[in-house]
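A short worksheet on the structure shown next.
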Amino acid sequence: MRCATVKGTSAVTLLDLQGLSVTIPSQAGPVRAVRSIDLRIAKGEIHCLIGESGCGKTMTGMALLGLTPAGAQVAARVFQFDGIALSTSAAALRGRRIALISQDPAAALNPVLTIGRQMDDVLRTHSPHSKADRRAGAVALLAATGLPDADKLMTSYPHQLSGGMQQRVVIAQALATGADFLIADEPTTALDVTVGAQVLALLRQLVADRGLTVLMITHDMDVVAAVCDRATVLYAGLSVETGLASAILTRPRHPYAKALLAALPDAAPHGQRLAAIDGQIPPSTKAISGCAFAPRCPAAMTLCYTVPPPARVQGDHLWACHLAEGAP
Amino acid sequence: MTAPLLTVHDLVVRYKTRGLFAAAAKPAVDRVSLSLPAGSTLGLVGESGSGKSSLLRAVLRLVPVESGSITVDGQDWLAIHGPALRRARHSIGFVAQNPFLSLSPRLTIAQILAEPLLARGDKPGAAMQDRIAVLLSRCGLPLDFLPRRARELSGGQAQRVAIARALALSPRLLVLDEPTSALDVSVQAQILNLLMDLKADFGLSLLFVTHNLKVVAHLADQLMVMRHGCVVEAGATEKVMTAPEQSYTRELMGFGQRFGHDAKP
């Protein structure tokens, strides 16, 4: 097991992405699933990728796993994991250093194989141990994810487990690969609120105990508030703001991040109209000149429609906006 | 306070178990009572298996009721059958979770909105066209959407069509089953705003079923929390949200307080 890194003392960059773009050819012209995303994640951190449908958050995760659709063009200025170039090694790192926890555990598990067999499939691929050792390892991993009666569970099938238990099995499988970087794509969306809270607590505990690093893909601000150290806000395939999760939630600088938080039901007094964002995200087939959010931005100026916004820096908080102080 | 539009008293819904000697299943809804005054909103909150959907289906008369009573607008709702039930159902509109499943992919928006009117026996013609146009614009969509199909719309736009369809027969009660769960946060805000407007304009009562306490707390006058078929907590929204009596209700509020980072150790 790797040594746990102590929060704050280590600032080793594990993942470094700059200017990542994913373009998928289609009959309607190139689809810009990811236009330009910067993402820097330190070892031992839980980093949230916040965004709505179509902002490119899942495609970013797929690019890290080397699982972009056939024909997709992936480009980046910097695309590195622990000093290794992901452009050539993403597939080799997948399932060794980088593992995925997907949204729907029922779809991630094979319905006709026992949990034991599915755990062993992973362990057999990644370790040279004997069958008995692998079995003991599988039971230990299942127990580590808080599953009771892990031994009995080995002979169970996925349908006999609740959604929360299935998600724990998927997490155990991710750990079985020995990966130190987990991509969790909306891991609680398919779960009930109380069960989701337990799964998040488990992830936090695993990060602390095993020195894992997690990229958490979500649209749920409660998830961000509950478990994330840092966060990056995406809009239309662009990273528009990045910083401490608490800073983004309490004082968002980018007008989109601010509007997104203001649209939450508990942001307005009871029964009052919510601050909905007018308009829609630009179609991913369309090229963007200027700021992608300008047509929906309440503070947009003429400049915003033509000139791409400059990067603003305040300590370790970064955002892209023509307004020097961010959203008013 | 006006007379209640919907009253449910000691309702029990139990699904049949298979097998001759199988023990009777636990009730999906266990002696639940509620009262929804005309023009107000009741938020029904619960997780999977809490019985909230079974209760909703019983109100819609889609599942048999074992015991208890339901009264809609003074009528014994469970005593109505056949063609009379068909007519009585005009007073309840229903909006489902996923508009792409609840709207036919083969019909145009105009045809989707005409369906309930035709089913009631209205004759096609200019009056119906006008009614459809009013419904659509009232739900915030332009008229050039009429010849389109659901798949050409975004999730939020499709849900607006579903709400327009539910309002076609001028119901007094709108039953909503997780109407924003499939939508993005910014779109959810638009739909919640629309529901608040419609409620005020048409004097609608809303029965809003969801697993997301925060969403429904924003527009509900009363909240009812269900678990394992029973009512765990019920009362005025403000009271339930600020001083919940049950720890379970607090758990449902989500992962810690609003952005306080409180959930972190």
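For the pair the range B:53-116 / the range A:250-312, the C-alpha centres are spaced 39 Å from each other. Can you tell me the FRET efficiency between B:F202 and A:Q314 if r is taken as the Cβ-Cβ distance and R0 is 45 Å, rounded to the nearest 0.05? Rounded to the nearest 0.05, the efficiency is 0.40. With 5 Å bins beginning at zero, the pair-distance distribution over Cα atoms of the range B:166-236 amounts to 3, 14, 26, 25, 18, 10, 4, 0 %.
The angle separating the long axis of helix A:163-176 from the principal Cα axis of greatest extent in chain A is about 80 degrees.
Here the Debye sum runs over all C-alpha atoms of the range A:98-178 as equal scatterers in vacuum, and log10 of I(q)/I(0) at q = 0.11, 0.12 Å⁻¹ comes out as -0.23, -0.27. Here the dipole of the range A:98-178 is about 140 debye; that uses its Cα centre as origin and unit charges on the Cβ of Lys and Arg (positive) and Asp and Glu (negative). Under 1.5 on a/c is rounded, so check that first for the range A:64-107, then, if it is not, pick prolate when a/b is larger than b/c and oblate when it is not; a ≥ b ≥ c are the square roots of the alpha carbon gyration tensor eigenvalues. The shape class here is oblate. For the range A:1-137, the C-alpha radius of gyration sits at 1.24 times the compact-globule guess of 2.2 N^0.38 Å, with N the residue count. Computed from Cα atoms, the angle from the helix A:193-210 axis to the main principal axis of chain A rounds to 80 degrees. Could you tell me whether the range A:201-311 comes out rounded, prolate or oblate from its Cα gyration tensor? Rule is a ≥ b ≥ c as square roots of the eigenvalues, rounded for a/c under 1.5, then prolate if a/b exceeds b/c, otherwise oblate. Cα axes put the range A:201-311 in the oblate bin. Taken residue by residue and averaged, Cβ atoms of other chains lying within 10 Å of the Cβ of A:189-195 number 5.
Set the Cα radius of gyration of chain A against 2.2 N^0.38 Å, with N its number of residues, and you get 1.04. Each Lys or Arg adds one and each Asp or Glu takes one away; over the other residues whose Cβ falls under 13 Å from the Cβ of A:R96, this sums to 0.
Comparing B:T210, B:T242, B:T41 in a Gaussian network model of chain B (Cα springs below 10 Å), the most mobile by mean-square fluctuation is B:T242.
Taking chain B as a Gaussian network, where each spring joins two C-alpha atoms under 10 Å apart, which residue of B:A79, B:A58, B:A38 fluctuates the most? Of B:A79, B:A58, B:A38, the most mobile in the Gaussian network model is B:A79.
Springs join every pair of Cα atoms under 10 Å in this Gaussian network model of chain A, and among A:D38, A:D121, A:D316 the largest mean-square fluctuation is at A:D316.
Annotation: lysines with alpha-carbon distance below 17 angstrom to B:K16 (same-chain offsets under eight excluded): B:K26. Against chain A, whose longest principal axis comes from its Cα atoms, helix A:115-126 is set at around 80 degrees. With each label modelled as a point 7 angstrom along the Cα→C-beta vector, the A:T13-A:R273 pair spans 4.5 nm. Oblate is the label for the protein assembly as shown, because a/c, from the alpha-carbon gyration tensor with a ≥ b ≥ c as root eigenvalues, is 1.5 or above and a/b does not exceed b/c.
In terms of its Cα atoms, chain B spans 56, 51, 43 Å along the principal axes, sorted from long to short. For chain B, the mean residue ellipticity at 222 nm estimated from helices alone is -10000 deg cm²/dmol, where every DSSP H run of n ≥ 4 contributes -39500 (n - 2.57) and the total is divided by all residues, rounded to the nearest 500.
Can you give the local net charge around A:K258? Use residues other than it whose beta-carbon is closer than 10 angstrom to its beta-carbon, Lys and Arg +1, Asp and Glu -1. So the surrounding residues net to +1.
Here the label points at B:E66 and A:A85, each 7 Å from Cα along the C-beta direction, are separated by 6.8 nm in the simple model. Extension gain, A:A75 to A:Y305: 0.36 nm times the residue separation minus the Cα-Cα distance gives 80.3 nm. Hey, for a label at B:I80 modelled as a point 7 Å past Cα toward Cβ, could you say which residues of the range B:153-187 have their backbone N under 20 Å away? From the range B:153-187, the list is B:165-177.
Read-outs throughout are calculated quantities, based only on the coordinates presented, and are distinct from any laboratory measurement. Here the structure is a predicted model, which means the values were calculated and not measured. Because the Cβ atoms are built from the backbone with ideal geometry, glycine has one as well, and the counts that use them run over all protein chains shown.
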